[in-house]
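Engineer: Take this structure, written in structure tokens, and hold onto it; I'll ask about it next.
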Amino acid sequence: MSKITIIIIAGIIMLLTGAGIIAGVMYKNSTFVDYTPFFRLDISRAGVEQLGQPIEGFSAFMYLEAIPGLIEADFDGVKTPEGIYKLEGGELKFKRTVTDLVISGEESLSNNGYKKFLKNLSKRLDVKIKKEADITILLEKVGVIDVLNKSFVNDDFILWYPEGWYSYKNNHSIFFTHTESLAIPGGTEIYALAPWFQVSVLMLGVDGNPKSVAEMFSQNLWVEGSEFLVSKSDVFIKDMVGTRVVTKAAGAGGEELHYVFLDNEKVFTLSHYPYESGSRDTDNFERLVKTFTPNNFFDDKGDDSEGILPLKSGVFGVVLVGPICPVMKDPPDPDCNDKPYSTIVQVIAIGSPKSSPFATAGSDKDGKYEVILPPGEYSVQAIGEIPFPQCETKNIIIAPDTMYELDLLCDTGIR
């Protein structure tokens, strides 16, 4: 082999080696997003819906009971603070790996356990987790989404409607408009959380329709002195003045809840049955109504509107974890400063169940998060781990057209 050939080969090897090192550095420095907190939050919510909230967190056996789409192999190698789950002879067993005093939550999944759980599940169902939407796909495959967004209305649901009204089916919802070209607002299928749900759109003063909302209420017997009216009050939602009406359900037991809004001579009515104050379905329905925007619809000429207007209110801030060092130093050591914490931040409307977040968002590698919200009162919490870090919860009031700055601290337990 000639000297020139040897030099060329050596050069190629050096080039390939350098490229490999560069690629490794680029990979190491690339932004990695851990979607485990999203997975943990949603699958825990599904467990709460089926079994209630456990004091110490969920074990593998609890999840298997709550979610039929899971199998024992999904928990093979999944760790807990006190041990690990192992599949032996086709049977899932919990094995303690520490000799300390037994604690009540020894079988509850740890944060690393949820990572392994997610890895096992994604491998079995052949779903690669590259973005947040992939978590949704994965959870749909095991039935978690059905538990979280359960609707009682199905494709066989049939409802009589008066002549001159046109019905539309959109997933789990039933919609009515008074003309075929006057469509319903977009996205209202999310409100269908009870055995009966309807959204209707009515043009006032057209083809013999009522000329005012008051006249429409009178025709429906939603007026004082009517045997059907239980209560009626004004509501203010996203710059709209509406009316919240509770009525006795005609021809059925129980009560019915209606939210009625007037916009550009169109009357929008969202109706929910049965109305049961304090129930999960009713609470979630009323929470979702606070996000209703009626301008995402086709007008009576069939022209597209501009869609839902963007909100200009919400909350943002930084999630930090600390203390980092067991003893404060003088002068302070910069390495002991609180560190950014990448996790899930959940927002719960005041008065709603803790198992039903109004919105969630991830804090990035710098601990920064932002959630766009309609005006209202909320509880904001970062999701920690078991047993640490434990994150604080703060209550806030969001005013219209205001972004509220709120930093959250998670305690490492280091003292």
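Engineer: So what is the relative contact order for region 36-148, in percent, with contacts set as C-alpha pairs under 8 Å and at least six apart?
Structural biologist: Relative contact order for region 36-148 comes out at 30 percent.
Engineer: Using the C-alpha gyration tensor of region 314-411, what are the square roots of 5 times its eigenvalues, in whole angstrom, with the largest one first?
Structural biologist: Listed largest to smallest, the semi-axes of region 314-411 are 27, 15, 11 Å.
Engineer: For Val230, enumerate residues with amide H under 5 Å from its amide H, sequence gap 5+ or separate chain, H modeled in the peptide plane.
Structural biologist: Val246, Thr247, Lys248
Engineer: Output wanted: per-residue J couplings in Hz (rounded whole) for region 200-209, from phi through Karplus 6.51 cos²θ - 1.76 cosθ + 1.60, θ = phi - 60°, x for Gly and Pro.
Structural biologist: Per residue, the Karplus-derived 3J(HN,Hα) values read 10, 10, 10, 8, 6, x, 10, 6, x, 5 Hz.
Engineer: Dividing the convex hull volume of the alpha carbon atoms of region 36-148 by its residue count, what do you get in Å³ per residue?
Structural biologist: It is 91 Å³ per residue.
Engineer: Go through region 272-288 residue by residue and turn each phi into a ³J(HN,Hα) via Karplus (6.51, -1.76, 1.60, θ = phi - 60°); whole Hz please, and just put x for glycine and proline.
Structural biologist: Going residue by residue, I get 9, 9, x, 7, 10, 4, x, 7, 4, 4, 5, 4, 5, 4, 5, 5, 6 Hz, with x marking Gly and Pro.
Engineer: Scan around Val235 for amide H atoms under 5 Å from its own, H built in the peptide plane at 1.01 Å from N, and keep only partners 5 or more places away or cross-chain.
Structural biologist: So Val235 has HN proximity to Gly242, Thr243, Arg244.
Engineer: Also, I was wondering about something else. What is the set of long-range amide H partners of Val321 at a cut-off below 5 Å, with H atoms built 1.01 Å from backbone N?
Structural biologist: Lys339, Tyr341, Cys410
No value in this document is a laboratory result; all are computed from the given coordinates. Computed from a predicted structure; not experimentally measured.
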